Every structure is written in C-alpha cells, then in structure tokens.
Amino acid sequence: MTDALPPLGLYVHWPYCARICPYCDFNVALDRRAGEAEALFEAILRDLAGLAGAAGPHRLVSIFLGGGTPSLMRPAWAAAIIQAAKVLWPLAPNLEVALEANPTDAEAARFEAFAEAGVNRLSLGVQALDDGALKFLGRNHSAEEAVRAARLAANIFPRLSLDLIYARPGQTEAGWAEELKAAVALGPEHLSPYQLTIEPGTAFDRAIRRGAFAPADPDLAARLYETTQAVLEAEGFEAYEVSNHARGEAARSRHNLIYWRGQDYLGAGPGAHGRLTRAGVRSATEAARAIPDYLARVLETGTGLSLAEALTAEEAAEERLLMGLRTVEGVPLTELLPLPLSKLADLQRDGFVRVADGRLFATTQGRPVLDRVIQELVCS
Ligand SMILES: C[S@@+](CC[C@H](N)C(=O)[O-])C[C@H]1O[C@@H](n2cnc3c(N)ncnc32)[C@H](O)[C@@H]1O
Ligand code: SF4
C-alpha cells in the first residue's frame, strides 16, 4: 500500500545558548530576560497548531529540536512540544525525534529525561577531542567532559551522532585522523565533521581581520577532507552526504534527508525556515528572527511566520539541485527540467558528475568542489 500523504519534517528552533561560540552565526541568544524562555515555549506550541492548519495533510517523519542549544530547554517542555506534534499529524512508523546537545556535565545529567520525553536521536556537539582546540573554539566543556557525555548518550539514545569541526589552525592530517578514530570509539553510528567556516560578522571573522590567527590554507583543508573520507570509510561509515557519514542506511539522519530530497518541512521558533509544496508550487517560509518579534507575531497571527514566498519553478529546481547533489542519492533529472544544464555534458566528460538511471550524481571528484559544479550547471 502506498502512502498518499506527503512526508513532513518539523524543525523547532530553541535559540538559547550558555555562551556564544566565536565561529557561530546561527540565530542564537543568551537567556537573560526573566520569563522569556517560558513565553517562547508557549509560543512554539501555539505556532505548531497554526502551522499544522496552514500546511494541509502530511505524515510526520521527523521532529528536529535544533538551536541554539535545545539541551538547555526544560525536558518537560521538549516532552510537551513532541507530544503536541504527535497529536497534530499522523505519524510515520519509526518517527525520528532528534535533539541537539552540548556535551557539558550539566546537560548530560538531563539525557535520561530527554529520552523519556521521546527523543530517540541525539546530535552531540563534541566539536573536538583536544582541550587546546576546544579552548580555541570557545567551547564551555573539556574533551574529557565531551567523552563522558558521548559515552552516556550512546547508552541512553537509540541513535547518536557527533558533530566535529576541522581545519582548525595548526591541525595536522595525522592528528585529525587520530581524533576521528577517537570519536568513532565513543560509539556513534553517525558523524558530521564540518570544515570550520569563517562566517561574516562572527568573533572569528573579526579576529582574522585583526591578524589574531589565519584560516586554514585551502590545500590543507582539502587534505583534511580527504583524511576524513579515508578514515571514516575504513571505520565502516558511508559518506552519504558531503559532511555526513553513517554506519548503514538506518543511521542516516531522516530529518536532513527531508531537506536534501526536497520534501516539505515546517519551521517553528525564531528564524526557523520551512518549505511547503501546495498545488505544485513550492514556497519558502521564515519565522520572525528576533525573539520578541517572534513572540509578538505568534500572539497576533497564531503562527510565527513573517514570510511565505512562492518560488519560481527555476528557483525550486535550483534548490533541488543544490541539496540533492550533496547526497549519494543524487537528483532525478525530471526534477531539473526548468534548468538549462547546458554544461552538463562537459562536467560529465571531466568526471565531476555522472548520470545513471535518470538521476544526476556528483562524483567523488565533484563533491569537494560542489559549489563550482552547481554554478556551472545553473548558468546558461
Ligand atoms: C546549531 S550548531 C550547534 C549545536 C550545539 N549548540 C553545539 O554547539 O554543539 C550545529 C553544528 O554546526 C556546526 N557549526 C556551527 N558553526 C560552524 C562553523 N562556523 N564552521 C563549521 N561548523 C560549524 C557545529 O559542528 C555545530 O555542532
Ligand atoms: S555553536 Fe552551539 S553553543 Fe555555540 S553559539 Fe552556536 S549554537 Fe550556541
């Protein structure tokens, strides 16, 4: 029996952090205003009901509590948000409920409560397993604390993913390979090693401008990417996306697959994005970004949405290309018809992309230079 209901992901943004890391440009805030977090929790619950009404029938495949630091949220609030979503939508079997956590002892102490709240996948922001690197990254935990939190999480949650950041100043290929192996030894079945990106307007951006440190040389960064692929492949992880590695298909992030497959998702919480397809037209949605604006918006209109913009067929196809080429699944060519793809034959000949069974894939050679490949594909 095929399911007539389209799949849906739900992203819930919890913006608060204990400290703002110098590399981070997510929509984050320190929890400074008395009562604001509780008001935000209540607004998110209301937003969910409003979004469910606006989105039309879907089957819920995944809930992702991201941030910010949702592991700082009261577990009872996470439980209420998860429960509300479970009531609002029919559920897919094996609903994935993921939560992002920072590996401090204080947060690890609440892991059991989050599991009881319904979280079945933890994404732990270990970032590095070296105290010097953690200090450089401005993290509020030690490597030992991260190891403790990861071991505990591996025992509590059915699925565990670890985030790491590489291409840090002074990093060597040998040191990074050891760090990756140490991360694997903690028992995750999913790893997301991200190359350090210097985002405009962050403390790292300002530090580089005043010469406090230099970003990793692009050749070294490329070699560290190769090291990542080689070490994790040897450890039994498949690079099913540019920065995401899973031990077996079941360990892949169902939530991220929704983004990469161009399926529908809703965003609740300040600044959360969504994509909805109605009557063949795909729309981009965005919630008000500042917390007070978001709260006001939910009170006034019943959802936090500040923008809902229909994408042209070209824009939707370009987004599909951008997301789909990142994964081993590729993109069906039928979904790319609105694009010129005039350089497709050249890129195929040069080994950056390949076509098989009516789908377009980036090759191993194309993946590290995906931005350029996509640019070539979309320009006429
Ligand atoms: C929403 S963030 C973090 C969640 C959680 N608060 C934490 O810090 O662990 C998700 C992930 O993005 C990655 N990330 C954030 N900013 C980055 C940057 N500038 N460069 C590379 N990775 C970054 C980090 O690995 C982080 O764990
Ligand atoms: S990296 Fe995580 S803890 Fe640090 S500021 Fe960003 S969201 Fe907050």
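Since every read-out is calculated from the coordinates, none of them should be taken as a lab result. Worth saying up front: this structure is predicted, and the values here are computed from it rather than measured. Glycine gets a Cβ as well: all are built from the backbone with ideal geometry, and neighbour counts include every protein chain shown.
Here the relative contact order of the chain, from alpha carbon pairs under 8 Å that lie six or more residues apart, stands at 15 percent. A simple rule links phi to the HN-Hα coupling: the Karplus curve 6.51 cos²θ - 1.76 cosθ + 1.60 with θ = phi - 60°, which for region 301-315 gives 10, x, 9, x, 5, 10, 8, 9, 10, 6, 8, 6, 4, 5, 4 Hz, with x for Gly and Pro. For the chain, the direction-averaged projected area of the alpha-carbon convex hull comes to 19.3 nm². For the pair region 93-142 and region 324-380, the centres of their Cα atoms are 35 angstrom apart. Taking 0.36 nm per residue of separation and subtracting the current Cα-Cα distance, fully stretching the chain between Gln365 and Phe213 would add 51.7 nm. So, R0 is 51 Å and r is the distance between the beta-carbons of Leu333 and Ala34; what FRET efficiency does that work out to, to 0.05? About 0.40, to the nearest 0.05. The phi-based Karplus calculation (6.51 cos²θ - 1.76 cosθ + 1.60; θ = phi - 60°) puts the 3J(HN,Hα) values of region 213-220 at 7, 10, x, 4, 4, x, 5, 5 Hz, whole numbers, x for Gly and Pro.
With Cα atoms as the point set, the radius of gyration and Dmax of region 188-316 evaluate to 19.5, 54 Å. Of the residues Ala108, Ala246, Val355, the one whose Cα sits farthest toward the positive end of the charge dipole of the chain, with +1 on the Cβ of Lys and Arg and -1 on the Cβ of Asp and Glu, is Ala108. Bridgeable lysines around Lys181 (alpha carbons under 22 Å apart, same-chain partners fewer than 8 residues away excluded): Lys135. For the chain, the dipole from Cβ point charges (+1 on Lys and Arg, -1 on Asp and Glu) about the Cα centre works out to 380 debye, to the nearest 20. Convex hull volume of the C-alpha atoms in region 226-380, normalised per residue: 147 Å³.
Charging the Cβ of each Asp and Glu at -1 and of each Lys and Arg at +1, and nothing else, the dipole of region 72-133 about its Cα centre rounds to 400 debye.
Take every Cα pair under 8 Å whose residues are at least 6 apart in sequence, average their separation, divide by the length of region 25-154, and the relative contact order is 23 percent. Coupling constants for region 20-36 follow from the phi torsions by the Karplus curve (6.51 cos²θ - 1.76 cosθ + 1.60, θ = phi - 60°), and in residue order they are 9, 6, x, 9, 8, 10, 6, 7, 10, 7, 8, 7, 10, 9, 4, x, 5 Hz; glycine and proline get x. As a proxy for reagent exposure, Lys135, Lys343, Lys86 were ordered by neighbouring Cβ count within 10 angstrom, fewest first; the result is Lys135, Lys86, Lys343. Rounded to the nearest 20 debye, the dipole magnitude of region 65-207 is 320 debye, with +1 charges on Lys and Arg beta carbons, -1 on Asp and Glu beta carbons, and the Cα centre as origin.
Taking Arg326, Arg209, Arg46 in turn, the Gaussian network model of the chain (Cα-Cα springs below 10 Å) assigns the largest fluctuation to Arg209. The alpha-carbon of Lys343 sits under 12 angstrom from the alpha-carbons of these aspartates and glutamates, leaving out residues fewer than 8 places away in its chain: Glu376.
Once R0 is set to 45 Å, what does the formula 1/(1 + (r/R0)^6) return for the Cβ-Cβ distance between Arg223 and Ala49, expressed as a FRET efficiency to the nearest 0.05? According to the calculation, E is roughly 0.35. Cys residues of the chain that find no other Cys beta carbon under 4.7 Å: Cys17, Cys379. Full extension of the chain between Leu307 and Ala290 gives 4.7 nm of extra length, using 0.36 nm per residue less the Cα-Cα distance.
Each of Val28, Tyr11, Ala54 was placed along the dipole of region 1-74 (beta-carbon charges, centred on the mean Cα), and the one lying farthest toward the positive end is Val28. Both radii are taken from the alpha-carbon atoms of region 84-131; with Rh as the Kirkwood radius, Rg/Rh is 1.09.
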